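A.B. asks: Got a structure here, written out as structure tokens. Questions coming.
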Amino acid sequence: MDCKSCNSDRVLDIFDLAIQRVNYESKLFIITDKLIGCQYINRNQAYTPACLERKMHMSKYIITDAVPLKGRVRVSGAKNSVLPIIAASLLTDGQCTIQDIPYLSDVRIMCDLLRSLGADAEFSCNNTKLLIKSKGLNEIYAPYELVSKMRASFMVMGPLLARIGKAKISFPGGCAIGTRPVDLHLKGFSAMGAEIHHEHGYIYATVKDKLKGANIYLDFPSVGATENIMTAAVLADGQTIIENSAIEPEVVDLANFLTAMGADIKGAGTDTIKINGVEKLKGTEYSVIPDRIEAGTYMIAAAITHGDVVIDNIVPDHVKPVTAKLREAGVEISEELSSVRVKCNDCIKAVDIKTHPYPGFPTDMQAQMTSLMCMASGTSMIIETIFENRFMHVGELNRMGANIKIDGRSAIIEGRPKLTGAQVKATDLRAGAAMILAGLCADGITEITDIEHIERGYVNIHEKLQSLGAKIQKIDD
């Protein structure tokens, strides 16, 4: 079949979406849709890709009852780790095979971006493995249509400058949780010899010959800037030193991936990283670390439902701040080498939280912990120090009966004995996770819309929760 809506003549596979029967308020919803090529067929109606995107935005989660979660759940590969690793695969013309891929919309967007640059990116093994070949890299232009959907798309600038010496990239997008400028990235590239200018919403960067090693001090330990500069430096002439660098596990994971490709990197995981440039990198096979934010979300899911859950494929050291606060709140946690058991029988105690860069309490867990504190006994305060607009979930939680007041970058939470189900929306990725957590312990039916935000960062979250006994369904209107 020709894919006329995409102006392509290639033959496209047919994907059948499984029939879903969902009982909700005594009504039977039957979805028998088919995705054929780039057109969406539903009861003799044809949709263009734009219409398909609108249809995706109409999907929602329905949570019909509050039950204690019990059982085991496996954490997927880290989204915040795999995205820069995928971008870094552009540094070599050899094949890179990445294992334990989280099959998320953000990952697919990053692969689309690589294809637009001339690389090949194919999923296999039930979409848990990704094969990337960048030998045919022939483009320096990262279009607005892709970069505006996901901030991590900007991570291709470092590899493009290192390998080709040119890059033209739209200013990035992503969740609307606050200002996240790329000036630290650009200062690093400039220090290494890149010439940079802005025009018509794009950033243009060129290198006359080759990037040069430099001493770079980051005003803030930005994860993205650390990673982007590191990928640029691995093929530069001489030594690059990044001071006040981010020390997150995802930075270490990227450094390990680059080292497996032949890079010379020392100090990843400390505040000073030293990179000695090499002539060439080779392809490699690599498995990404587990997602510490997904792991923390399931830990809170067990606690907020007074459940008993074992979370597998987890690095306990990566979730220490979450573990510490849950224990302070009265939650029982036991750790094994690669699993954590979370059990909560008693009343949840109110605790105070202040977000910090790693190894402090992660800003990506702030919204989920806010949901938990809504059910705590007493008053808690959560202070957000990383982003200035990361309390958008508060209004939605208050719709469910929470008592939260915002004062600047602080949220004061008066715990309530219960929340009530309501129609709410996912205003961003982690806020969406907070809505699910609140719905899991609420009386009545909770309907969560705008779930495309949630599906940017959680692999089959409704199915994983169902396996633990949660009464949650995904509905496609």
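A.B. asks: Which of the following residues is under 23 Å from PRO357 (Cα atoms), in contact with a Pro (Cβ under 6 Å, 6 or more places away or on another chain) and outside any helix (DSSP H, G or I): PRO181, PRO172, PRO221?
C.D. replies: Matching residue, one of PRO181, PRO172, PRO221: PRO221.
A.B. asks: Looking at THR272, is it out of contact with any Gly (no Cβ under 7 Å at 6 or more places or on another chain) and in contact (Cβ under 8 Å) with a residue 40 or more places away in the chain?
C.D. replies: no
A.B. asks: Here's a follow-up. Look through ILE164, ILE196 and report the one residue that is in contact with a strand residue (DSSP E or B) (Cβ under 6 Å, 6 or more places away or on another chain) and not charged (D, E, K, R).
C.D. replies: On the way: ILE164 fails: in contact with a strand residue (DSSP E or B) (Cβ under 6 Å, 6 or more places away or on another chain).
The unique qualifying residue is ILE196.
A.B. asks: Here's another thing I want to ask about it. So in segment 85-104, with the set limited to residues that are of a type in the set (Val, Ile, Thr) and assigned to a loop (DSSP other than H, G, I, E, B), which one is farthest from ILE314 (Cα to Cα)?
C.D. replies: Start the filter on segment 85-104 by keeping residues that are of a type in the set (Val, Ile, Thr), which leaves 85-86, 92, 97-98, 101.
Now narrow it down to the ones that are assigned to a loop (DSSP other than H, G, I, E, B): 92, 101.
Numbers: THR92: 30, ILE101: 15 Å.
Filtering segment 85-104 for residues that are of a type in the set (Val, Ile, Thr) and assigned to a loop (DSSP other than H, G, I, E, B), the one farthest from ILE314 (Cα to Cα) comes out as THR92.
A.B. asks: Sticking with this structure for a sec: For ILE140, state whether it is of a type outside the set (S, T, N, Q), buried (at least 17 other Cβ atoms within 10 Å of the Cβ), at pLDDT 95 or above and in contact with a helix residue (DSSP H, G or I) (Cβ under 9 Å, 6 or more places away or on another chain). Walk me through how you get there before you give the answer.
C.D. replies: On the way: of a type outside the set (S, T, N, Q): yes; buried (at least 17 other Cβ atoms within 10 Å of the Cβ): yes; at pLDDT 95 or above: no; in contact with a helix residue (DSSP H, G or I) (Cβ under 9 Å, 6 or more places away or on another chain): yes.
No.
A.B. asks: Can you name the residue in segment 343-401 that is of a type in the set (S, T, N, Q) and part of a strand (DSSP E or B) and is also surrounded by the most Cβ atoms within 10 Å (Cβ to Cβ) among such residues?
C.D. replies: So the residue we want is SER380.
A.B. asks: ALA191: farther than 19 Å from LEU254 by Cβ and modelled with pLDDT of 95 or more, yes or no?
C.D. replies: On the way: farther than 19 Å from LEU254 by Cβ: yes; modelled with pLDDT of 95 or more: yes.
Considered against the rule, which asks whether it is farther than 19 Å from LEU254 by Cβ and modelled with pLDDT of 95 or more, ALA191 comes out as yes.
A.B. asks: Do you know which residues across segment 348-387 are farther than 17 Å from ALA434 by Cβ and either of a type in the set (Ser, Thr, Tyr) or under 19 Å from the mean Cα position of the chain (by Cα) (or both)?
C.D. replies: Result: HIS356, PRO357, TYR358, PRO359, GLY360, SER377, THR379, THR385.
A.B. asks: Here is a follow-up. Please verify whether GLU335 is touching a Ser or Thr at 6+ places or on another chain (Cβ under 9 Å), under 21 Å from MET435 (Cα atoms) and not β-branched (Val, Ile, Thr), treating the condition exactly as stated.
C.D. replies: No; evaluated as a whole, the condition is false for this residue.
A.B. asks: Taking the conditions exactly as written (among the charged types (D, E, K, R) and either in contact with a Lys or Arg (Cβ under 7 Å, 6 or more places away or on another chain) or assigned by TED's automatic domain parsing to the domain that holds LEU161 (or both)), does ASP317 satisfy them or not?
C.D. replies: Taking the combined requirement at face value, the residue does not satisfy it.
A.B. asks: For ALA121, only one of the following conditions fails: (1) within 19 Å of THR284 (Cα to Cα); (2) surrounded by fewer than 18 Cβ atoms within 10 Å (Cβ to Cβ); (3) among the small types (Gly, Ala, Ser). What is its number?
C.D. replies: All conditions pass for ALA121, except number (2).
A.B. asks: Related question: Just one of ILE333, ILE314, ILE273 is assigned to a loop (DSSP other than H, G, I, E, B) and of a type in the set (A, V, I, L, M, F, W, C); which is it? Talk me through it step by step, then tell me what you get.
C.D. replies: Details: ILE333 fails: assigned to a loop (DSSP other than H, G, I, E, B); ILE273 fails: assigned to a loop (DSSP other than H, G, I, E, B).
Testing whether each residue is assigned to a loop (DSSP other than H, G, I, E, B) and of a type in the set (A, V, I, L, M, F, W, C) leaves just ILE314.
A.B. asks: Here's a follow-up. In the set ASP106, ASP100, which member is farther than 20 Å from ALA162 by Cβ, crowded, with 19+ Cβ neighbours inside 10 Å and out of contact with any Lys or Arg (no Cβ under 6 Å at 6 or more places or on another chain)?
C.D. replies: ASP100 is the lone residue from the list that is farther than 20 Å from ALA162 by Cβ, crowded, with 19+ Cβ neighbours inside 10 Å and out of contact with any Lys or Arg (no Cβ under 6 Å at 6 or more places or on another chain).
Residues checked against (1) closer than 19 Å to LYS79 by Cα; (2) more than 20 Å from the chain's Cα centre (by Cα); (3) not hydrophobic (A, V, I, L, M, F, W, C); (4) not in a loop (DSSP other than H, G, I, E, B):
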position: ASP106; (1), (2), (3), (4): yes, no, yes, yes
position: LEU114; (1), (2), (3), (4): yes, no, no, yes
position: LEU137; (1), (2), (3), (4): no, yes, no, no
position: LYS168; (1), (2), (3), (4): no, yes, yes, yes
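A.B. asks: Just one of the numbered conditions (1) in contact with a strand residue (DSSP E or B) (Cβ under 6 Å, 6 or more places away or on another chain); (2) within 16 Å of GLY118 (Cα to Cα) is not true of TYR202; which one?
C.D. replies: Of (1) in contact with a strand residue (DSSP E or B) (Cβ under 6 Å, 6 or more places away or on another chain); (2) within 16 Å of GLY118 (Cα to Cα), only one is false for TYR202: (2).
The values are calculated or read from the model by the stated rules, or taken from the named source; none is laboratory data. Given the structure is predicted, the values throughout are model-derived calculations rather than measurements. Counting neighbours? That spans all protein chains shown, and the Cβs are built from the backbone with ideal geometry, glycine included.
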